[in-house]
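The structure appears right after this line, and notes come after that.
The values are calculated or read from the model by the stated rules, or taken from the named source; none is laboratory data. Nothing here was measured: the structure is a model prediction, and the numbers come from that model. All Cβ positions, glycine included, derive from the backbone under ideal geometry; neighbour counts span all protein chains shown. The area values use the complete protein model at the heavy-atom level, side chains included, leaving out ligands, DNA and RNA. Shrake-Rupley method; radii C 1.70, N 1.55, O 1.52, S 1.80 Å.
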Amino acid sequence: MTTSGTPSLSLAVPRRWATFDDPAPGVALVSRAPTPTPSGFTPELTLRTGPVDAPTLADWRREAMAALALQLDDLEVEDTDEVDLDGEPVGYARFSHLIGGIDVVCDQWAWLRGGIGVTLTGTVARVDYADYADLFEDVAATVRTGGGVSARAPGSAPPAGARW
């Protein structure tokens with residue numbers, strides 16, 4: 001997928017999840033589980049892109065989390081790290097907040113490439129987090145930004161044995 005003004009992006013999402021390309025400015029993709037969990041919340045993956053003025057990945061992520069604290073109800077940052085995915089530095093954060101009174105947990109990965117930021121956020125109700133954490137991580141491992149295109153096209157499934 002190529003989004004105007006951004007590097008080319010590709011990722012694999014669970015096959016049965018509904019996927020919406022370019023649903024809003026800055027949002028390249030939203031993918032939702034086919035049904036809500038018993039908690040009533042429907043797990044979701046969101047891929048966003050946009051310009052970044054911060055000089056480093058760490059600076060950008062600090063600024064982004066500070067901005068989220070002003071936007072989200074009861075934001076609590078639970079974990080942050082810089083990880084390596086396919087030789088590329090990626091910011092990771094796990095945070096929680098309230099959506100309509102439901103305590104949700106978000107896993108978020110962030111790539112910074114040539115002044116363009118890309119974030120993948122997986123959101124699920126806290127009570128269902130253990131059932132989705134590995135799936136969110138599996139999807140993050142398929143994200144490709146810029147120069148390369150993943151061997152897996154959007155909507156494709158990972159190798160046999162995955163939970164998709």
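Across segment 75-95, a minimum of one residue is classified as under 14 Å from the mean Cα position of the chain (by Cα), more than 15 Å from residue 140 (Cα to Cα) and buried (at least 16 other Cβ atoms within 10 Å of the Cβ). Scanning segment 8-41 for residues that are farther than 25 Å from residue 146 by Cβ and either open to solvent by 40 Å² or more (accessible area, probe 1.4 Å) or not in a loop (DSSP other than H, G, I, E, B) (or both) gives 15, 16, 18, 32, 34, 35, 36, 38, 39, 40. Selection within segment 96-106: residues that are open to solvent by 10 Å² or more (accessible area, probe 1.4 Å) and touching a residue at least 12 places away in the same chain (Cβ under 8 Å). The member of this set that is nearest to residue 145 (Cα to Cα) is 97. Close contacts from segment 113-132, counting a first residue that is on the phi > 0 side of the Ramachandran plot and a second that is in a strand (DSSP E or B), with Cβ to Cβ under 9 Å and a gap of 6+ residues or different chains, come to 115/51.
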